[in-house]
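As structure tokens, the structure follows; a few thoughts come after it.
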Amino acid sequence: MASVQTTSEGIPVIVLKEGSKQSRGRDAQRNNIAAAKLIAEIVATSLGPRGMDKMLVDSLGDITITNDGATILKEIDAQHPAAKMMVEVAKATDSEVGDGTTSAVVFAGALLEKAESLIDNDIHPVIIADGYKKASLKAISLLGEIAQKVEPKNRMILEKIAITTMQTKLISVEAADLAKLVVDAALDVVTQKDTGFNVDLNNIKVEKKAGGSVLDSRMINGIVLDKEVVHSGMPKKIENAKIALISAPLEIEKTEFEAKINISSPDQIKSFMEEEDSILKGMVDKIRSVEANVVLCQKGIDDIAQHHLAKSGILAVRRIKESDMSKLAKATGGRIVGSVNDLTGKDLGEATIVEERTIENDNWVFIEGCKNPKAVTLLIRGGSQRVIDEVERSLHDALMVVKDVIEKPSIVYGGGSPEAHVSSKLRQWAQTLSGREQLAVEKFAEALESIPLSLARNAGMNPIDAITHLRSKQNAGEKWTGIDTINGQVGDIEKLQIVEPLKVKEQVIKSATESANMILRIDNVVAASRSSSPPEPRPSPEMGM
């Protein structure tokens, strides 16, 4: 119904349009918190090495099997506005640090659940939000105190970081082998900056092909193109390649306006064709003159040009994506030219080998052995398309956490130990606060324990026993005590070498607190009616016969 109010003179004022719905105060808050908690429950069982996967089937029947929090939430297409905000938490965490998406959503859900009991005790939501904000700043400073500085290019630490993040995925068995590939790739594209190091993941190309096993995946010091050599007469393998990178078509360009050519004799046709042929041959001669033996073209290559290239023993690939062209330039050290006439010997890139190889049923071109590649390729293999899709998602997370540590070289140990430590310190700090904010900080500390609680639950442990045991160890000063999910017990995570980037932990706390506070401060939800199809015309009364 439209919400109708009247002025003092009794004139109706229509505030909301017909069909709009409104929920206010406690109802609106309960509704939003319930939706957010439901989203947290969906992903909570995916947390940790013992977490389960989800099978998501979209409206077209396509299947995704994953335990990546951001992917799960993106695929389920939540409709409730508060649920959508929780999905945004996962997306923000994923794009910023690449890992910790599930933790962020579970923690945000726990913050809202704890806040609900305070709201029921008539504590104002803004006071709770302020308390949470204070607690999050304190929590981040406490994490900074226990974090350990590491050498940014320390292979051993970087591999442990990558293994930890992949241990929670489908590929946990192959984690150690894949971690080596991830670290190799990241270290190859590291650049030095004034403030430290930078890793641009756009320079790591990921190609995937079903077949073989995950262990057949490998890193290539160069680029793999999912294209084949354009002409059957061309060589399929060239060693000591001199590579011309051309962004213009090797074709006769069509005029932009309509043109007519009047031909009155067969000789004119012949000379016209010969002229086209000589222009294309001139292009190929120019390529030969700079001693290029490989041509990689972003646009098309004319049949006649292909013929002349094949005769000259030049390997050519056409219609390469622009993003791949820029990676090729970085990998081979070549320069992309906009016209064949501008090509010089200095523009050529170099590679030890350029070869067309058959992968399953497709022919792909491998450009390998680049001298100092600033772009590399990870070629992923796996038993089925579903497997390699999940391997790709896992490698993305692993590359992101390795990047995080190279750029901000601080680590903490995992297993819920940093959360448990910060939780116990926050409880002590809360005692020094006065007023109702103290209660909010205590609830924040309780919510932090949702991470070790979920890990214990997913490992089949008794969550109450686990959390009480964990608290007693933490209170005794054993700061790296956490949930050893593999052995199903509370243990020393430092000894197990389960390592996580400090940057991920900080981002989890920041994004979860901010979104929980945003949901807490909403006390009125006005939902406009969905536009419905126009009403069908009424049938006209029947005419008399």
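Could you line up D120, D389 from fewest to most neighbouring Cβ atoms inside 10 Å? Write down the numbers at each step before the final one.
Numbers: D120 10, D389 20.
Ordered by Cβ neighbours within 10 Å, fewest first: D120, D389.
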Environment charge at E276 (Cβ cut-off 14 Å; Lys +1, Arg +1, Asp -1, Glu -1): -4
Above-threshold pairs, the threshold being 18 Å between Cα atoms, out of K281/K346; K153/K180; K242/K330: K281/K346
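Below 12 angstrom from the Cβ of R427, what's the summed charge of the other residues (Lys, Arg +1; Asp, Glu -1)?
Here the charged neighbours net out to +1.
Compute the semi-axes of the equivalent ellipsoid of segment 329-426, taking the square root of 5 times each eigenvalue of the Cα gyration tensor, and list them largest first in whole Å. Let's see the in-between values first.
On the way: eigenvalues 340, 99, 21 Å².
Over the Cα atoms of segment 329-426, the ellipsoid semi-axes are 41, 22, 10 Å.
Quick one: divide the alpha-carbon radius of gyration of the chain by 2.2 N^0.38 Å and tell me what you get.
Details: Rg = 30.9 Å, N = 545, 2.2 N^0.38 = 24.1 Å.
Normalised Rg, Cα atoms only: 1.28.
For the chain, what is the mean residue ellipticity at 222 nm derived from helices alone (per DSSP H run of n ≥ 4: -39500 (n - 2.57); sum divided by total residues; nearest 500 deg cm²/dmol)? Let's see the in-between values first.
Details: 17 runs with 252 residues, N = 545.
My calculation for the chain gives -15000 deg cm²/dmol from helical runs alone.
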Could you tally up the Lys pairs in segment 370-426 with alpha carbons closer than 28 Å? Skip any pair fewer than 8 positions apart unless they're on separate chains. 4
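In nm, what is the difference between 0.36 nm times the number of residues separating K299 and N262 and their Cα-Cα distance? Before the final figure, lay out the partial values.
Details: separation 37, 0.36 × 37 = 13.32 nm, distance 2.99 nm.
The span from K299 to N262 would gain 10.3 nm if fully extended.
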Would you mind telling me the antiparallel percentage of the DSSP bridges in the chain, rounded to 5? 70 percent
So, in Å, what gap is there between the alpha-carbon centers of segment 215-249 and segment 367-383? 12 Å
Between C370 and residues 5 or more places away or on another chain, the pairs with built amide H atoms under 5 Å apart involve T352
List the lysines whose Cα lies under 23 Å from the Cα of K260, skipping any in the same chain that are fewer than 8 positions away. K270
0 to 90° range, to nearest 10: angle between helix 101-120 axis and the chain longest Cα axis: 20 degrees
Segment 112-180: mean projected area of Cα convex hull, nm²: 7.3 nm²
What is the helix-to-structure angle for 25-44, meaning the angle in degrees between its Cα long axis and the longest Cα principal axis of the chain, kept from 0 to 90 and rounded to the nearest 10? 50 degrees
Considering every pair of different Cα atoms, what Kirkwood radius, in Å, is found for segment 92-225? 18.7 Å
Tell me which residues come under 5 Å, amide H to amide H, from E251 once H is placed; ignore anything under 5 positions away on its chain. D302
Please list the radius of gyration and Dmax for segment 300-362, considering alpha-carbon atoms only, with Å as the unit. 13.2, 38
Rounding to the nearest 10 and keeping the result within 0 to 90°, find how far the Cα-based axis of helix 175-188 lies from the longest principal axis of the chain. 60 degrees
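For segment 376-463, report the % of Cα-Cα distances exceeding 20 Å. Let's see the in-between values first.
On the way: 2349 of 3828 pairs.
More than 20 Å apart: 61 percent of the Cα pairs in segment 376-463.
Taking the beta-carbon count within 10 Å as an exposure proxy, list M219, M52 from fewest neighbours to most. Display every interim value, and only then the final one.
On the way: M219 17, M52 9.
So the residues, fewest neighbours to most, are M52, M219.
Can you order the peptides 480-486, 169-175 by their average number of other Cβ atoms within 10 Å per residue, highest first? Please report the intermediate quantities before stating the final value.
Details: 480-486: 25.6, 169-175: 19.0.
Highest mean packing first, the order is 480-486, 169-175.
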Can you tell which of S424, A259, P373 lies farthest toward the positive end of the dipole of the chain, using +1 and -1 charges on the Cβ of basic and acidic side chains (Lys, Arg; Asp, Glu)? S424
Return R386, R318 ranked ascending by Cβ neighbour count within 10 Å, so the fewest neighbours appear first. R386, R318
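Take the Cα radius of gyration of segment 222-282 and divide it by 2.2 N^0.38 Å, with N its residue count; two decimals is plenty.
Working it through for segment 222-282, the quotient is 1.68.
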What residues have an amide H closer than 5 Å to that of S46, excluding those fewer than 5 places away on the same chain, when H is modeled at 1.01 Å from N in the peptide plane? M52
If you stretched the chain out fully between A528 and E145, how much longer would it get, using 0.36 nm times the residue separation minus the C-alpha to C-alpha distance? 133.1 nm
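What does the extension gain come out to for I279 and Q438, with contour length at 0.36 nm per residue minus their alpha carbon separation? Don't skip to the end; give the middle numbers.
Numbers: separation 159, 0.36 × 159 = 57.24 nm, distance 8.12 nm.
Once the chain is fully extended between I279 and Q438, it gains 49.1 nm.
Laboratory data are not the source of any read-out in this text; all were calculated from the coordinates shown. Keep in mind it's a predicted model, so treat the numbers as computed, not measured. Methodologically, a virtual Cβ is constructed for each residue, glycine included, from the backbone with ideal geometry; neighbour enumeration extends over all protein chains shown.
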